[in-house]
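Student: Encoded as structure tokens, here's the structure I'll be asking about.
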Amino acid sequence: MADVTFDRPKPSRHVGRLMENLPGEMRDSFTEAQREALGEAMRTRTWRRQSVDIRLSLPLLSERFFMTVVAGRERRPGQRRKAERVFHPLGTVGNTLFMGAITTVICSVVLVIALVYSSILMP
């Protein structure tokens with residue numbers, strides 16, 4: 001297996017970007033200790049390892065697309081789940097097309113297996 005390393009963004013870079021987006025008077029009101037505390041808070045790990053974590057990058061025509069499937073025990077609070085349902089609704093055109101494509105692929109595979117199986121048993 002290839003040895004792969006990559007640089008994770010440093011919390012100080014995140015704090016710097018956060019500070020850039022604040023209005024000038026508010027940005028100047030932060031002390032160095034407060035900036036360090038923000039960096040420490042950003043360093044805490046919020047994404048925990050899940051039971052299922054599949055990440056694929058797929059070449060399609062001249063573009064690359066990614067697909068991520070994450071499943072595990074629900075750990076998000078109810079308020080966050082409600083907010084995410086509003087900002088990321090399940091019933092979108094893209095989701096519908098994707099689920100239709102996945103269903104078509106699964107049905108096709110089952111049909112091919114059934115045809116091969118029936119031809120093996122029936123001479």
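All of the numbers you see were taken from the coordinates with simple rules; none came from a lab. This is a predicted model, so every value here is computed, not measured. Counting neighbours? That spans all protein chains shown, and the Cβs are built from the backbone with ideal geometry, glycine included.
Student: Counting other Cβ atoms within 10 Å of each Cβ, which chymotrypsin sites (Phe, Trp or Tyr not before Pro) in the range 40-123 have at most 13 and sit in a DSSP loop?
Tutor: Taking the range 40-123 and a limit of 13 other Cβ atoms within 10 Å, the loop chymotrypsin sites (Phe, Trp or Tyr not before Pro) found are TRP47.
Student: I want to make sure I understand the PRE zone here: with the label point 7 angstrom from the Cα of LEU58 toward its beta carbon, which residues in the range 88-106 have backbone N atoms less than 16 Å away?
Tutor: Flagged as within label range: 94-106.
Student: How much length would be gained if the chain were fully extended between VAL109 and PHE87, taking 0.36 nm per residue of separation minus their Cα-Cα distance, in nm to one decimal?
Tutor: Gain on stretching VAL109 to PHE87: 4.5 nm.
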